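Below: the structure, in structure tokens.
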Amino acid sequence: MKKTFFFISLLLLSIKLNAEGEPNNSYLQANSLQLNSSDNGSLFYTDGQNYDNEDWWFVVLPQDGSLYVEVNSTNDLDIDLYIYDIDGTTSIASYDISVGQKESTHHNALKAGKYFIKAVRYRGSGSYTIFNRFTQAPYLNDSEPNDSFENALLLNLNSESTGHIGYYQALVVDNLDWWKVVIPHDGSLKIRTESDSADIDLSIYDVDGINSIASYDISTGLIEETHFNNLMPGTYYIKVSLYSKHGGYKIISTYIQTSIEGVTTNDIEENDSYDKAQNLGVFPLSGNSFNYGHLGYYSNKYTDEVDWWSVDVKLDGALNVKTLSNETLDIDLSLYDVDGKTQIASYDISTGINEQTHFNNLAPGKYFVRALKYSGYGSYKITAEFIKAKYENDTEPNNNLAEAILINPEIVYTGHLGYYSNGITDESDYYKLNLSTNWDSLYIRTDSDSTLEIDLALYDANGMQISAAGEWGTKEIMSYKNALANTYYIKAWKYLGYGSYAIKISSRYPGRTLTDVKDKEKNLIPVNYALYQNYPNPFNPTTTIKYEIPEDAHVTLKVYDILGSEVAVIVDEYQNAGSYTVSFSAESLLKDTKRISSGVYFYRLEANNFTQVKKFILMK
């Protein structure tokens with residue numbers, strides 16, 4: 001019984017030591033070797049006709065990693081070991097330990113795949129045990145191929161992903177991985193890699209995938225980092241390059257959208273010229289408005305260096321524009337005339353994050369503001385403040401005798417001087433006086449803002465100057481003795497400055513300051529009938545219409561379509577002399593409650609024997 005057990009044991013041992021399947025003398029006949037396991041084989045030589053000089057095995061690596069192979073042989077068998085590439089013909093690792101009956105070889109950076117192991121009899125005969133150890137690379141691998149920007153992998157913003165670099169297969173080492181990020185708004189991007197063993201170089205590429213715009217700025221071997229603080233929206237690319245070694249890595253993206261005061265709003269691009277300016281505000285009265293923008297952001301070889309804004313003022317007044325920017329952005333501000341080409345004011349406050357420019361004496365018009373990046377990048381808030389002139393303006397133009405405004409004695413009128421637009425400053429105003437009786441003395445008084453100094457001149461009906469006054473200060477009084485019943489002209493011209501003024505003609509010495517009179521004593525009574533163009537025009541659905549009547553009258557203001565049919569009645573009542581402003585809504589003031597459609601319409605003013613018609617456009 002003991003002998004039977006002994007012979008069965010020898011038989012089993014013989015079967016175990018010869019577990020390889022023959023023939024396995026080429027890679028095409030290789031035996032499977034399970035990962036992290038061992039198997040057995042034999043190599044022998046007896047004479048020239050009986051020998052087995054080599055055995056082939058294969059392993060299948062499911063992931064990137066390192067492979068170690070070792071053989072331990074019996075008797076006098078000496079083996080050489082080799083690892084072959086997936087083609088079975090290219091040797092990629094040979095024995096690195098050779099001590100007779102123990103051989104080993106390894107490759108530390110293999111991609112997933114089927115590799116071959118050749119065990120070659122160097123001398124002797126006997127059996128051997130073959131062992132392998134596979135160590136999987138840390139981190140999950142990136143999806144290959146991604147070795148160009150065209151097949152870059154998406155890396156989500158403010159997230160992380162993983163990859164491998166430096167791993168080998170089929171004569172190729174994976175030296176490059178490409179990733180891409182999609183930037184939705186202006187902001188900063190930081191990319192960081194943390195590797196277990198590879199030394200990586202990082203670069204950010206432009207939206208074309210060709211031009212490098214940022215390279216690594218932190219390099220400590222296993223940690224790399226690069227950034228670009230001022231990117232416009234777009235798809236950008238990240239190149240992960242192998243500098244040395246191999247390994248797994250983690251790649252991390254950090255994106256921060258630019259903002260100021262918690263607001264991320266950008267200006268509307270492209271607004272890099274005055275003809276593409278973004279509207280900053282329309283000012284029919286005093287007020288302020290603000291908006292937000294960005295400067296210094298980059299994409300596709302272009303940096304946003306300048307933003308243009310427009311400001312539409314409807315009255316004479318002062319315009320002040322200022323910006324508050326991030327600490328990373330320094331702006332220069334300039335104000336341009338209505339032509340968009342003539343600079344009329346540059347920055348007057350420049351403290352880095354605070355910029356300001358102003359023009360105190362603008363006439364009505366659409367002006368332009370240029371916000372220029374002096375240095376840096378970032379968000380900014382831009383504010384426009386408009387302050388209208390103190391008093392109502394005279395009716396322009398009235399810059400010569402032929403355009404003189406008819407005024408009446410003993411009434412206070414107001415006007416402006418020194419206001420500028422389109423290369424022209426209003427230097428003088430002319431008034432016309434018709435005296436129906438003789439006066440012993442004719443007095444003319446003006447009182448102006450502290451910023452305006454006025455001189456006066458009096459002309460006869462033929463335009464000959466007959467009197468003048470030019471004293472320092474804000475008060476001017478001119479007198480003329482024995483004024484006969486006739487027509488006279490008064491010229492008020494700007495000697496210095498700009499501003500509002502009040503003017504009055506009297507037969508008595510005007511000792512009282514004109515600006516001290518009560519509102520009801522000031523002249524708000526027009527000299528002539530007038531119907532002004534509506535604003536805005538075209539409109540939807542509401543617009544404003546202004547008209548003037550110099551005497552009490554029954555007034556009608558009606559709307560007609562292009563065929564002459566009446567579609568709305570805005571005013572139908574008796575009114576006192578004065579200036580009036582009314583609002584017309586295409587939706588609420590319709591005759592017989594019928595809706596009207598987009599198109600051309602007319603509005604008609606009738607008062608006493610005066611009739612005037614103007615055209616306006618409803619655009620829905």
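The values are calculated or read from the model by the stated rules, or taken from the named source; none is laboratory data. This is a predicted model, so every value here is computed, not measured. Every residue, glycine as well, gets a Cβ built from its backbone with ideal geometry; the counts of neighbours run over all protein chains shown. All accessible areas refer to the heavy atoms of the entire protein, side chains included, with ligands and DNA or RNA removed. Shrake-Rupley method; radii C 1.70, N 1.55, O 1.52, S 1.80 Å.
Some notes on this structure:
- Contact annotation: residue pairs with Cβ atoms under 9 Å, 6 or more positions apart or on different chains, pairing a residue in region 607-620 that is among the hydroxyl-bearing types (S, T, Y) with a partner that is open to solvent by less than 40 Å² (accessible area, probe 1.4 Å) and modelled with pLDDT of 95 or more, are T611/L605.
- Residue among D460, D449, D426 that alone is within 23 Å of N528 (Cα to Cα) and under 51 Å from the mean Cα position of the chain (by Cα): D426
- Residue count for region 182-208 satisfying the condition of being surrounded by fewer than 17 Cβ atoms within 10 Å (Cβ to Cβ) and more than 15 Å from L242 (Cα to Cα): 4.
- Hits in region 461-515 - residues which are on the phi > 0 side of the Ramachandran plot, part of a strand (DSSP E or B) and either open to solvent by 60 Å² or more (accessible area, probe 1.4 Å) or free of Cβ contacts under 8 Å to residues at least 40 places away in the same chain (or both): N482
- Pairs, first more than 26 Å from P233 (Cβ to Cβ) in region 172-189, second β-branched (V, I, T) and open to solvent by 20 Å² or more (accessible area, probe 1.4 Å), C-beta under 9 Å, six or more apart: none
- Test: I382 is at negative phi and open to solvent by 30 Å² or more (accessible area, probe 1.4 Å): no
- Taking the conditions (1) surrounded by fewer than 18 Cβ atoms within 10 Å (Cβ to Cβ); (2) in a strand (DSSP E or B) in turn, E150 satisfies each one other than (2).
- Any hit, region 187-197, residues being of a type in the set (G, A, S), assigned to a strand (DSSP E or B) and under 14 Å from I256 (Cβ atoms): yes
- Of all the numbered requirements in (1) under 30 Å from D339 (Cα atoms); (2) in a strand (DSSP E or B), T235 misses one, and that requirement is (1).
- Matching residues, region 302-311, being in contact (Cβ under 8 Å) with a residue 60 or more places away in the chain and either part of a loop (DSSP other than H, G, I, E, B) or of a type in the set (G, A, S) (or both): D304, E305
- Scanning region 98-116 for residues that are open to solvent by less than 40 Å² (accessible area, probe 1.4 Å) and more than 60 Å from the chain's Cα centre (by Cα) gives G100, E103, S104.
- Residues located in region 312-335, provided they are open to solvent by 20 Å² or more (accessible area, probe 1.4 Å) and either part of a strand (DSSP E or B) or under 9 Å from E355 (Cα atoms) (or both): D312, A318, N320, K322, L324, D330, D332
- For the criterion of being open to solvent by 40 Å² or more (accessible area, probe 1.4 Å) and under 30 Å from D267 (Cα atoms), P138 fails.
- Only listed residue being over 20 Å from L315 (Cβ atoms), surrounded by 16 or more Cβ atoms within 10 Å (Cβ to Cβ) and among the β-branched types (V, I, T), chosen from I407, I387: I407
- Answer from L442, L456, L417 - the residue that is free of Cβ contacts under 8 Å to residues at least 40 places away in the same chain, crowded, with 20+ Cβ neighbours inside 10 Å and of a type outside the set (V, I, T): L456
- E606 being open to solvent by less than 80 Å² (accessible area, probe 1.4 Å) and either in a loop (DSSP other than H, G, I, E, B) or not polar (S, T, N, Q) (or both): yes
- The set of residues in region 346-362 being under 22 Å from S310 (Cβ atoms) and among the hydrophobic types (A, V, I, L, M, F, W, C) consists of I349, F359, L362.
- For N230, the stated conditions hold: it is assigned to a strand (DSSP E or B), open to solvent by 10 Å² or more (accessible area, probe 1.4 Å) and out of contact with any helix residue (DSSP H, G or I) (no Cβ under 7 Å at 6 or more places or on another chain).
- Subset of region 262-301 [touching a residue at least 60 places away in the same chain (Cβ under 8 Å), open to solvent by 50 Å² or more (accessible area, probe 1.4 Å) and part of a strand (DSSP E or B)]: N288, F290
- Taking the numbered list (1) of a type in the set (V, I, T); (2) in a loop (DSSP other than H, G, I, E, B); (3) buried (at least 20 other Cβ atoms within 10 Å of the Cβ) in turn, I251 passes all entries but (2).
- Just one of (1) at negative phi; (2) crowded, with 20+ Cβ neighbours inside 10 Å fails for G166. It is (1).
- Region 336-361, subset of a type in the set (G, A, S) and open to solvent by 20 Å² or more (accessible area, probe 1.4 Å), residue farthest from Y377 (Cα to Cα): S346
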